[in-house]
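What follows is a set of notes on a single structure, which appears directly below.
The values are calculated or read from the model by the stated rules, or taken from the named source; none is laboratory data. Note that the structure is predicted; figures quoted are calculated from it, not measured. So basically every Cβ, Gly included, is an ideal-geometry build from the backbone, and we count neighbours across all protein chains shown. The area values use the complete protein model at the heavy-atom level, side chains included, leaving out ligands, DNA and RNA. Shrake-Rupley method; radii C 1.70, N 1.55, O 1.52, S 1.80 Å.
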Amino acid sequence: QVQLVESGGGLVQAGGSLRLSCAASGSTFSINAGGWYRQAPGKQRELVAAISSAGSTNYADSVKGRFTISRDNAKNTVYLQMMSLKPEDTPVYYCNAEVKIGVHLYSYWGQGTQVTVSS
């Protein structure tokens, strides 16, 4: 069993920055792809940024140029650096990881972390 623990959320002024971390722990495994999603109340969860096993990245148009996704395989951690934050960036952020355990592939979600951008 793999658990993803998120941290780094909180309150920030518009124009400020936050760095979200997602640390994976559990049984022996390797991370394939990872990503960050966000979900506002009453809305569908949407992809913010994703990183492949090869290191290629994709971003939602709304965050492109402001957010950066990265990973540290040695630490089993994925990050989301958020800059030039706007009030519309406020929802709960969730990390996701595709994890290979033995010959099996699973998808795991973090518990979510609240980001609030004030103006």
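One residue stands out in the stretch 85-119 among those that are closer than 18 Å to Leu18 by Cβ and charged (D, E, K, R): the one that is most open to solvent (accessible area, probe 1.4 Å), namely Glu88. Residues in the stretch 91-119 that are modelled with pLDDT under 95 and more than 13 Å from the chain's Cα centre (by Cα): Val99, Lys100, Ile101, Gly102, Val103, His104, Leu105, Tyr106, Ser107, Ser119. When each of Val2, Val48 is tested for being more than 15 Å from the chain's Cα centre (by Cα), under 16 Å from Ala97 (Cβ atoms), among the β-branched types (Val, Ile, Thr) and open to solvent by less than 60 Å² (accessible area, probe 1.4 Å), the lone residue that passes is Val2. Checked against (1) among the hydroxyl-bearing types (Ser, Thr, Tyr); (2) in a strand (DSSP E or B); (3) touching a residue at least 24 places away in the same chain (Cβ under 8 Å), Ser107 meets all criteria but (3). Strands (runs of 3 or more DSSP E) fully within the stretch 3-50 that include at least 3 residues being closer than 16 Å to Ser62 by Cα: 30-39. Counting only residues that are surrounded by 13 or more Cβ atoms within 10 Å (Cβ to Cβ) and either over 23 Å from Leu11 (Cα atoms) or at pLDDT below 95 (or both), the stretch 60-77 holds 3 of them.
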